[in-house]
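For reference, the structure is listed below as structure tokens.
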Amino acid sequence: MCALLLAAVLAFTPISMEPEPEKIFALFENYFASENISAPKNVSVLGIKIDGGHLILNVSAEILNYGGNANERELIKELLDTAASVEGVTAFTLLVSGELVTLPEGRELDNYKIE
């Protein structure tokens, strides 16, 4: 009887499918700590926000310490691939010190759709 009651309660308990910000924070911290990445060294994750499927990543200004179109394209690819690895994420925005910025080679990641 208890098992049946527990099953009934669980069946009607809403389960959040929202990704956990702490895990995403750690995911991006691990990315920036990796050796073989396009991001400059010493980039810090300042914050993560999840709004529906929209992932907003706030990082330190050190992320802007690179040059060249190829480097920027690879950095964006790596950031988007990392964001896409989080179940439920459908869009990505990159903030630098809390502000939406244009990257050194002219690109902006604002509500970028992830498929």
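Points to keep in mind about this one:
- In region 16-36, the qualifying residues are those that are of a type in the set (D, E) and assigned to a helix (DSSP H, G or I), and the one that is nearest to D81 (Cα to Cα) is E29.
- The residues of region 1-29 that are modelled with pLDDT of 50 or more and either of a type in the set (A, V, I, L, M, F, W, C) or touching a helix residue (DSSP H, G or I) at 6+ places or on another chain (Cβ under 9 Å) (or both), listed by number, are M17, I24, F25, A26, L27, F28.
- Contact map, region 47-73: first residue free of Cβ contacts under 8 Å to residues at least 60 places away in the same chain and under 11 Å from L95 (Cβ atoms), second residue part of a strand (DSSP E or B) and charged (D, E, K, R), Cβ cut-off under 6 Å, separation 6 or more or different chains; pairs are I56/K49.
- Single match in A70, A39, A83 (criterion: in a loop (DSSP other than H, G, I, E, B) and among the aliphatic types (A, V, I, L, M)): A39
The values are calculated or read from the model by the stated rules, or taken from the named source; none is laboratory data. Computed from a predicted structure; not experimentally measured. Ideal geometry is used to build each Cβ from the backbone, glycine not excepted, and the neighbour counts take in all protein chains shown.
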